[in-house]
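Trainee: The structure follows.
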Amino acid sequence: MTGNSEEFAGKIGRTIADSKPWWPEKVKPPKGAPNILMVLFDDVGFSDFGCYGSTIRTPTIDALAGEGLRYSGFHTTAMCSTTRAALLTGRNHHSVGVGSLANFDSGYPGYTGKISKQAGTIAEMLRGQGYRNYMLGKWHVTPLTETGATGPFDGWPLGRGFDRFYGFMDAETDQFSPELVQDNSHIDPPGTFADGYHLTSDLVDQAIRFLSGHIAEQPTVPWMTLLSFGACHAPHQAPFDLIRSYDEMFSGGWDVERERRLARQKELGLVPQDTVLPPINDNVRPWDKHSADEQKVFTRLQSAYAAMLDHADQHLARLVGFLEDAGVRDDTIIIVMSDNGASQEGGPFGFVNAMGPYNGRKESVAEKLARIDDIGGPDTHSNFPFGWAMAANTPLKRYKQNTHGGGIRDPLVISWPNGLGREGGLRHQFAHVSDLVPTLLEIVGVEPPAEVNGVPQMPLEGVSFAASLKDADAPSRDRPQYFEMFGHRGLWLDGWKAVAFHPPGTPFDDDVWELYHLDADFSESADLAAEHPERLQAMIDHWWQEAAARNVLPLDDRFAARFAENAERHQGARTRFDFHWGMGHIPTEVAPDIRSRDYDITAHVRIGDRKPEGILLAHGDATSGYALYIDGAGHLVHVTNIGGELTVLRSPAAIPAGTTELGLTARNDTDGDGITYRLLIDGQAAGSLHSPHTFGPFISWSGLDIGRDRGSPVGRYGAPYCFTGELHRVSVRLYKQGDLDGEMIANAEMARQ
């Protein structure tokens, strides 16, 4: 007998003649278990799909809605990481440790930035039922300090129940030059802007590849796929001709668009006929109060957003078409949703390249206008103004990050021909993103597991709304749902909603709570706090009870402190980094933090008679970053790119043969007025330059490379511009960090979430 005899149910004799083989029984999925395709859009507002009132072309989503269901009372969590945590686990986001963003760990149970092992994901639950699980696109529920080459990988998709992953780990990425990961490895994109590459089409290509392989090899095994587009998170990037096609549609401005969308929503039956538009949001001016130049730029910024959504819908059509051709469409539940309301991160005037303002470099209207035809291209990081985000959220108040309707009420389309038929319909029940897991488990016909991978599981907190799929009159959930994001708070209970907007940096006790009867006031326009003070107080008290039970406390609105504390805790007192040839794809959060500090870069090379050229070190991309390289004439060059403005320092003479060290020193002025760069060749000065521009809040969301600059180049050289010589390693040494502008850091970090 062997040491594994306890697990073996056959018989092992001396020979095969007196032995009996045994094979463990494979897990069999529940009979009739459907395939599941969840399509998650990013920062798409309540009204942005055509079937929710928009004029943006979304025929694929509209067709799914026409043969399926649209929910008007579906709610999310106001941010991307948090909605993903609730969507994946069926619990509230604070309960599972993702109280705000995956970008930081605040040191409290509700704010670790990583999904608790006690909260199994839908992929882990379905894997135990025999499903295969595939994930594509944006993840953003792993601490970004854990997204480098060494992980740890237990919080990556393959560590949380998915069998394959193709996408990106951060909040955003360049759609033409993304920070791609395949399974547990960083990889180069398979194309470039020049040859027509776009991440959206790539994600759909890979989804079809995953599923075609599955159908070919395991046609009787059900699958679950999460396709999480980068669309429509900034940067808004799409084909130029598609962008320009929307200019005329939006030339009337956001006030006209809000009215047009509300009228359409009433026609569709999505909102009650007496629904009114709330007053325009804070810091939004009426369209006709802006100059003609501003209107022209703002229109193009909205066109880029619309084109990005249109483009995603076109490629979603390819995936739905594949399911039809493969004969699995009728038995596939397709869910289409957004993770939160439209983004307020574009500010009152929007951006052509937000990386400039993120680093204190203003972007004037004249500059925006001069670059209008670049909007949506590979060297832009565009985002639209408040006014268009307000229109996207029609008829709701405020935006993403907020707990008013504009932040948490989102579209939800569900199509399943075999289970729901193809007649279409509307549903007005309240539902929350955490309700999707229990709903899907009920459809599949299984209970949530008591253990996942040997870890006892916390109870599901979502409530199944499966009954409403077939019964339009099914009641809404019978338990309250709280909301909290950066101090903004809310509670839904029996058709009523209490909500408080929290100005950052002010006492929480000073927040003003509002009260709305949502069943009679879809747009949260009639504050009934003065009329029902007892009801309001009871709901506030109930919110505190929920907060205590769900790891919401302590309330914390210290954006800058949380980001700064996280960076300091991760890199601590480390002052030296050594990078060797062949390394690349080093995420920004893992790379040396050179913001507002002195530093040295030293490249250890061997320069022979044949003069090499190419990148020694590059961090960033065409919108922002820095690089040290040797140009085609053999000169040492350092370039900084802040919002597209290049500062270039080039050695007067070519690098001589026999050189073994090339370097750069960066020293900040004591008065904070700028920074001085000095080039070094074998320790000898080779040119200097003073620049008034320094990297303050944020360098780039694109990572660091050694020996090349993949994808989108920091400077005016062709990527990847691989080094052609002998490069042994590049060392970065950091010195004492100066004072960082906390407010700027917070604004920059929040703007890219």
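Trainee: Of the chain, which part is the longest with no trypsin sites (Lys or Arg not before Pro) in a loop (DSSP not H, G, I, E, B) and with at most 16 other C-beta atoms within 10 angstrom?
Mentor: The longest such stretch corresponds to 32-361.
Trainee: Further, regarding this structure: So if R0 is 56 Å, what FRET efficiency would residue 716 and residue 447 give, r being the distance between their Cβ atoms, rounded to the nearest 0.05?
Mentor: 0.40
Trainee: Helix by helix through the chain, keep the DSSP H runs that span 18 Å or more along the axis on Cα and average at least -0.5 on Kyte-Doolittle, and give those back in order.
Mentor: 199-217, 292-325
Trainee: For residue 17 and residue 149, what is the calculated FRET efficiency with R₀ set at 35 Å and r taken between the beta-carbons, to the nearest 0.05?
Mentor: Working from the Cβ atoms, E equals 0.10.
Trainee: For residue 422 and residue 506, what does the FRET efficiency come to when R0 = 45 Å and r is the distance between their Cβ atoms, rounded to the nearest 0.05?
Mentor: For residue 422 and residue 506, the calculated efficiency is 0.30.
Trainee: How do 51, 722, 80 rank when sorted from fewest to most other Cβ atoms within 10 Å of their own Cβ?
Mentor: Ranked by crowding around the Cβ, least crowded first: 722, 51, 80.
Trainee: Roughly how many whole Å is it from the C-alpha centroid of the range 393-441 to that of the range 218-274?
Mentor: That distance is 15 Å.
Trainee: Among 296/397; 31/470; 11/117; 114/400; 266/368, which pairs are too far apart, with a Cα-Cα distance over 27 Å?
Mentor: 11/117; 266/368
Trainee: If a/c stays under 1.5 just call it rounded; otherwise compare a/b with b/c (prolate if a/b is bigger, oblate if not). Do that for the chain, with a ≥ b ≥ c from the square roots of the Cα gyration tensor eigenvalues.
Mentor: oblate
Trainee: Run the paramagnetic zone check for residue 470: 7 angstrom along Cα to Cβ, then residues of the range 63-80 with backbone nitrogen under 16 Å.
Mentor: 69
Trainee: So what is the 222 nm mean residue ellipticity for the chain from helices alone, if each DSSP H run of at least 4 adds -39500 (n - 2.57) and you divide by all residues, rounding to the nearest 500 deg cm²/dmol?
Mentor: -7000 deg cm²/dmol
Trainee: Could you list 301, 628 so that the one with the fewest beta carbons within 10 Å of its beta carbon is first and the one with the most is last?
Mentor: So the residues, fewest neighbours to most, are 628, 301.
No value in this document is a laboratory result; all are computed from the given coordinates. If you're wondering where the values come from, they're calculated on a predicted model, not measured in any experiment. For neighbour counting, all protein chains shown are included, and Cβ atoms are generated from backbone atoms with ideal geometry for every residue, glycine included.
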